[in-house]
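The structure appears right after this line, and notes come after that.
The values are calculated or read from the model by the stated rules, or taken from the named source; none is laboratory data. For clarity, every value in this text was computed on a predicted model and none was experimentally measured. Heads up, the Cβs are rebuilt from the backbone with ideal geometry, glycines too, and the neighbour counts pull from every protein chain shown. Heads up: the accessible areas ignore ligands, DNA and RNA and are worked out on the full protein's heavy atoms, side chains in. Shrake-Rupley method; radii C 1.70, N 1.55, O 1.52, S 1.80 Å.
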Amino acid sequence: MADLISGLGILLQWQVVIALLVGSIGGVIIGALPGVGAAVAIAILLPATFSFPPIVGLTLLLGIYGSSMYGGAIPAILINTPGTAVNALTTYDGYPMTKRGQGHRALSLAYSASFFGGIFSIICLIILSPVLAWVAPQFGSREIFLAALLGIVLVVLAHRGQVFAAGMLAAFGIFLNTIGLEPAKYTNRFTFEQSWLTSGIDLIVVVLGLFAIAQAFLLLLEKNHVPQSARVEGNIFTGLKELFGIKRVATVSSGIGVIMGMLPGTGEFTSQFMSYTYAQKTSKEPDTFGDGSPEGLVASEAANNAVPGAAMIPLLALGIPGEALTAMMLSVFYVHNVIPGPQLFQNQMDFVMAIYMSLLLLNVIVLVFLLFSTNLLLKIVQVPTRFIGIVILTLAFVGVYSLRNSITDCAIAAGFGVFGLVLKRLDLPIVPIILGMVLGGIMEVKLRSAMARVKEPLDFIDRPIAAILFALIVLVVLLHFRTLYFEFRHKLRPEPNANKLDAEHPNQQS
């Protein structure tokens, strides 16, 4: 209780309250702008947050992270254009409802489901706090190394159909982290006698290049587009009442979002599709899915908004980010010498409680804001995409230069911007690079620390948690190879129609 009261005192500081309001409302606006998204906004704001106190900077970024998906549902439902990538599934049922004249109902359901999923995940986070406070100190260097390795494996295997590409990009991220002075003996690695590489490749420079500058290039190169939408008429509050009629779908979807959020590399997309599949298979009207099903809309929005709160569990307890946005937030911790992990729960539990309560409050602020300002946001959505691209490009370069007042950093960011544009055009994932850089650095430090107490290979997994993590890594890899084996067998299996054709026309050449 003392930690809760102390955390409330931290949260009620005027700087934190302003950061929470700006982040929450700003995140909704950013999410409603197609082509921007939380990753771009957080990447641009990240350099500025380094000058803030840690709780202020984190509250601002958490506000954007947790609220952007609320805003992303608006264009997804009204103009069939998802504001953020994770709102793509919302278009399946949201836009058909709009075409039937039920846009207000679809938005109301989306807001209500998002609020339910967000609050559900925060409650789970608070309930799990005593468990995390007990488990986190059990993790030593070996356990954190294996947890980071499990994160890399899950990130790579989560990209079905692109596993090899994701693996290579994650390895590239790990390589980028090794450039510069080696942390133990301070010898140069991969600098090739270039002085500008001695300080290494900064994570924020790479983030701004791959996310912000690449997205700006994409918007500037594509045809200019000005989204148009009709005014929403009707009572936005109706969805709160209607949600109780499909509370089973909302609860299960939120639960799936929490579980997926805790697992590195899975996140919103996996939780959405699992929730959507569950809702369709258990629905009394499965044929309506994809054609304006309220259950499908609720499943999608509840699942993706349950992830941000759950994603804070591995970040706070172990210092291991599960996806790109939490990886960016990790840098805010490090800049202020606040190291997430076991020590955070032991020594700064009031700080942790302040973060929990800020997540809870941002959902309330966003819901109240959306219930009264949806039509105002529709005017913001109608910004030309090329204008957005110019603004993003300008702010991104300002952010890069402000880090170290370095033109070299701007050139590196521009190079990664072009690389990110190529990856986007080829439909290849960017997230493995960022997680490779972050998790690779964690793995290197923890491996060096652990090897001082390891004499034989089996000593590395001689503790219960280390053995469990190692078994999970092996199990995940084996299950992936099992899936590949069955897919390969399925491809080799001749189709029944082909066999019938061969039997009827034995002499016909193919």
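Worth a mention:
- Those residues of the range 276-332 which are in a loop (DSSP other than H, G, I, E, B), open to solvent by 20 Å² or more (accessible area, probe 1.4 Å) and either within 30 Å of LEU46 (Cα to Cα) or of a type in the set (A, V, I, L, M) (or both), in sequence order: GLU323
- Failed item in (1) more than 28 Å from GLN343 (Cβ to Cβ); (2) out of contact with any Asp or Glu (no Cβ under 6 Å at 6 or more places or on another chain); (3) assigned to a helix (DSSP H, G or I); (4) of a type outside the set (Val, Ile, Thr), with ALA113 passing the rest: (2)
- Counting residues in the range 343-356 that are open to solvent by 30 Å² or more (accessible area, probe 1.4 Å), under 22 Å from the mean Cα position of the chain (by Cα) and modelled with pLDDT of 75 or more gives zero.
- Hits in the range 143-165 - residues which are assigned to a helix (DSSP H, G or I) and touching a Ser or Thr at 6+ places or on another chain (Cβ under 8 Å): LEU154
- Residues of the range 51-99 that are open to solvent by less than 10 Å² (accessible area, probe 1.4 Å) and of a type in the set (Phe, Trp, Tyr): TYR65, TYR70.
- Close pairs from the range 389-403: first among the hydroxyl-bearing types (Ser, Thr, Tyr), partner open to solvent by 40 Å² or more (accessible area, probe 1.4 Å), Cβ under 8 Å, at least 6 apart: TYR401/ILE407; SER402/ALA48
- Residues that are surrounded by fewer than 16 Cβ atoms within 10 Å (Cβ to Cβ) and among the small types (Gly, Ala, Ser), drawn from the range 7-30: GLY9
- Among the residues of the range 404-414, just one is in contact with a helix residue (DSSP H, G or I) (Cβ under 8 Å, 6 or more places away or on another chain), in contact (Cβ under 8 Å) with a residue 60 or more places away in the chain and open to solvent by 40 Å² or more (accessible area, probe 1.4 Å), namely THR408.
- From LEU378, LEU439, residue being at pLDDT below 85, closer than 30 Å to ALA106 by Cβ and part of a helix (DSSP H, G or I): LEU378
- For the range 330-346, the count of residues that are touching a residue at least 40 places away in the same chain (Cβ under 8 Å), of a type in the set (A, V, I, L, M, F, W, C) and closer than 16 Å to GLY440 by Cβ is at least one.
- Residues satisfying the stated conditions in the range 31-50, i.e. of a type in the set (Val, Ile, Thr), closer than 25 Å to ILE79 by Cβ and open to solvent by less than 20 Å² (accessible area, probe 1.4 Å): VAL40, ILE42
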